[in-house]
Amino acid sequence: MWRPLSLILILTGCLSLFTPSVAQNKPGLELPIRKASGTIKLDGVLDETDWKKASVANDFFLNYPVDSLPPTFQTEARFTFDDHFFYISFVCYDDKAPQVMQSLKRDFDPDLNDWVGLTIDPYKDFTNGFYFLISPFGVQHEGTVSGGGSSSDSYNSSWDNKWYSHVVRYNDRWIAELAIPFKSFRYNSQVDHWSISLVRKDLKHNQVSSWVRAPIQYNPGSFAYSGKLVWNDPPPKAGTNVSVIPYLIASSSQDRENNQPVVNTAGAGFDAKVGLTPALNLDLTVNPDFSNVDVDQQIINLTRFEYQFPERRQFFLENSDLFSSPGFTGYTQPFFSRRIGLVNDSSGNLVKVPILYGARVSGKLGEKWRIGLMNMQTKKKESLGLPEQNYSVAVIQRQVFSRSNIDFVFVDKHSLGLGAYDSTQYYHDSLVKNTWNGKDTVKMLHKYNRVLGTDFNLITKNNRWGGKFYYHHSFDDFSKGDAYSYAGYLNYTSRNVSVLGAWIGIGKNYHAEAGFVPSQAVYPGSMGPFSRVDFKIYPKSKSIVFMSPGLEIDYTLLPDGTLTDKTFSGNYAISFRNTAQFNAIVKSVYQKLPSDFNLLDPKGDSTFLKGQVFQWHEYNIKYSSNTRKLFTYSINALGGELYNGSRIGIGGAIRYRVQPYGSFSVTFDYQDIKLPPAYGQAKFLLVSPRLDLTFTKKLFLTTFVQYNDRYNNVNLNTRLQWRFKPASDIFIVYTDNYFADGFLTRNQALVMKITYWFNL
């Protein structure tokens, strides 16, 4: 079982000796920043004396589609500051052709739009920070950075904050001015410089360029390829920094499926942010409401495992990497914030569990230490059989070497008010959540569930090597022994090869009820290796940027050594210069079921039984068109065998945009599954039309419909948002659920909510 993994790791070491490197800019690239002597006006005209005297970051280099040339059009950046604001100006030279902009909605998709921006590390640890982007139409996008910004997973765009900007477009350039309040982000005013990356995405010409030259295989926003913003004059000392964000809400709802009367409610609550130190923040929330958060995009899940939807709720986002990084994302995470306040009922529908309050302290302690402390309290939800529950999380992280760290994590989930004999009235709520395994099992509710562990996270200075090694142990009032979770993985990335090798183990009694462990409802304990290798070939072609063949091997075994899952995957991807993408995948799958399973109906009786063995082959072809066009599309065709039958599927999306005022899109997924007569057959259809209208940069309308005949449900969500002041909004949200087979209303709700951001 170790042979594939060992061979790949040996191959990695050999290739690393012969992989050429790309020359970089001179080490120690620096740019001084001085305090403004006058007033900076955000008007897109850089005629102030402070802008004229400011040093200029220019001579950008291409990162994509090649990394050996300057971009077609250059970019200039300047910096200054005063007692309240951190100012940045960009001059983006361009031609007369229109820029690519999907809409005027805030937090645009960086992959589908023109923009320029910066990533800042205000702690001087090369690991954590913030990023701010601006489009040629003046649309803002901001977020947090973790893990040094080395991968796309390092950027969290759901973080929201208050800042100001202005953009003016000319015939041969567009100029952006940004004013970011020092109160809007955490920083260390004692350091002499900040690490900073300056990046421009010129999608119109399909080019990405950066101030510090970054090889094509790495993210140019990474702190591994950052320069220094040197404070010739010290930044203002962080004083009292308190923000309060109260909300008022009124709603009207009706459960028509159960013939219930209309319920009208009103409520209020607030969030607060308190700067305890320049780099340590206290977040508070009382009676939070998340009705305005984007709904999850549904999928047709034919696996035996739960699908992990992303966290979008604002309270959980700043410094979220501290709480989410322990464990192995997608496999075993001791804490997953969506477990708080959200649960699937016995029908598989997502139901909100009211949160009473929450408090969180997170940030930096000194130069090398970070801490994260969180406590959340939920109310009783009798309709789900859930008592009041309290969640506590503590993470302490110590930076080692240049960018690596060690952390210690403790997670505690406590069910309150349970007597010695009354817990049988409740569902074991981890199994209520895990209804994808086809059964709702009534068990005694754990009075407590705790996880204690440690992680070592490896990131080398040049981004070539990364990895993780951890061991966690869970504790509850029922289980004895085999309550461990561990893993180790190592990945290597160079210009021509990327390799990852991992080993994962989970004990049969390991439970992380406040975490994400999709295998705990499927396997009675498991272990096994996982490895992947991808090559990159850069042909001398006018139409192709690179081609990437790859191989993936995944084994899962029971603790006694029984092989339950084995998957071999081969793929070939092509990235075109016109932004189109192509990928072909072939898989060989072996499964010996460790538990009963119903492929066609997760809520029905099991048709596949424990111990049955299946082998099959499947293929998948994906293509996405030129994203710069007004009309774009993607197509995903799959077929072959599936368990003891066959499957044909087709999915994708079509989209048309009226730049920059909005777009209309339809995503779809159709699956035709044919099994032997004793097992059944089914056709599933998921269709999701979406309308996004941005009347101005402050007024947005989104209507999202999801037709899912697998769950006999049609969901409608319409949201009108008016951002009447920075970070302050009025929302009107209408939701409706119908039966797919007759379009009869199941339940509906209308919500009006207002939030206002006060800086005290």
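Only the coordinates and a few stated rules stand behind these numbers; no lab work does. If you're wondering where the values come from, they're calculated on a predicted model, not measured in any experiment. Positions of Cβ are backbone-derived with ideal geometry, glycine not excepted, and every protein chain shown enters the neighbour counts.
To the nearest 10 degrees, how steep is helix 3-18 against the longest Cα principal axis of the chain, on a 0 to 90 scale?
The angle comes out near 10 degrees.
Which residue, chosen from SER479, VAL517, SER548, occupies the Cα position most advanced towards the positive end of the dipole of the chain, where the dipole is computed from +1 (Lys, Arg) and -1 (Asp, Glu) charges on Cβ about the Cα centre?
Positive-end residue among those listed: SER548.
Could you check the simple spin-label distance between THR567 and PHE582, using points 7 Å along Cα→Cβ, in nm with one decimal?
2.5 nm
Taking the Cα centre of the chain as origin and charging only Cβ (+1 Lys, Arg; -1 Asp, Glu), how large is the dipole, in debye to the nearest 20?
1040 debye
With θ set to phi - 60° and the Karplus curve 6.51 cos²θ - 1.76 cosθ + 1.60, what are the ³J(HN,Hα) couplings of segment 517-528 in order, to the nearest whole Hz, using x for Gly and Pro?
Couplings: 9, x, 8, 5, 8, 10, 10, x, x, 7, 7, x Hz.
Quickly estimate the mean residue ellipticity at 222 nm for the chain, helices only: each DSSP H run with n ≥ 4 gives -39500 (n - 2.57), and the total goes over all residues, rounded to 500.
Theoretical 222 nm ellipticity from helices: -1000 deg cm²/dmol.
Which net charge results when you count Lys and Arg as +1 and Asp and Glu as -1 among the other residues whose beta-carbon is under 14 Å from that of ARG464?
Numbers: positive: ARG403, LYS461, ARG495; negative: none.
Once all neighbours under 14 Å are counted, the net charge is +3.
Let me spell out the model: positive unit charges on the Cβ of Lys and Arg, negative unit charges on the Cβ of Asp and Glu, origin at the Cα centre of segment 537-685. What dipole size does that give, in debye rounded to 20?
Computed charge dipole of segment 537-685: roughly 980 debye.
By the scheme Lys and Arg +1, Asp and Glu -1, what is the net charge of all other residues having a beta-carbon under 12 Å from that of SER494?
The answer is +2.
Work through the residues other than ASP233 whose Cβ is under 13 Å from its Cβ and net out their charges, Lys, Arg +1 and Asp, Glu -1.
0
If you take the square roots of the eigenvalues of the alpha-carbon gyration tensor of segment 50-165 and sort them as a ≥ b ≥ c, do you get rounded (a/c under 1.5), prolate (a/b over b/c) or oblate?
rounded
Which of GLU513, GLU257 has the fewest other C-beta atoms within 10 Å, and how do the rest follow up to the most?
Ascending Cβ contact count within 10 Å gives the list GLU257, GLU513.
Set Lys and Arg Cβ to +1 and Asp and Glu Cβ to -1, take the dipole of the chain about its Cα centre, and tell me which of ASN759, LEU42, PHE408 lies farthest positive.
Looking along the dipole axis, the top candidate is LEU42.
For segment 230-236, just list the computed ³J(HN,Hα) in residue order, Karplus coefficients 6.51, -1.76 and 1.60, θ = phi - 60°, integers in Hz, with x standing in for Gly and Pro.
8, 7, 5, 10, x, x, x
Determine ³J(HN,Hα), in whole Hz, for all residues of segment 477-491 in sequence, where each value follows from phi through the Karplus function 6.51 cos²θ - 1.76 cosθ + 1.60 and θ = phi - 60°; x replaces Gly and Pro.
Result, ordered by residue: 8, 10, 7, 9, x, 6, 10, 10, 9, 8, 6, x, 9, 9, 10 Hz.
Among the lysines in segment 537-685, how many pairs, 8 or more places apart or on different chains, have alpha carbons under 18 Å apart?
7
Have a look at segment 698-750 and give its Rg and Dmax from the Cα atoms, expressed in angstrom.
For segment 698-750, the Cα-based Rg and Dmax read 14.0, 44 Å.
Tell me the label-point distance for the pair ASP709, ALA268, using the 7 Å Cα-to-Cβ offset, in nm and rounded to one decimal.
Result: 4.9 nm between the two label points.
Each label point is 7 Å from the Cα along the Cα-to-Cβ direction; what then is the distance between the points at PHE695 and ASP477, in nm?
Inter-label distance under the simple model: 5.5 nm.
Cα convex hull of the chain: how many Å³ per residue?
Values: hull volume 120.3 nm³, N = 760.
Hull volume over Cα atoms, normalised by residue count, gives 158 Å³.
Grab every C-alpha pair in segment 135-237, bin the distances at 10 angstrom width from 0 up to the longest one, and report whole percents.
12, 36, 41, 10, 0
Run the numbers on the chain and let me know its relative contact order in percent, using alpha-carbon pairs under 8 Å that are six or more apart.
10 percent
Lys pairs in segment 20-231, Cα-Cα under 20 Å, at least 8 apart or on separate chains: how many?
19
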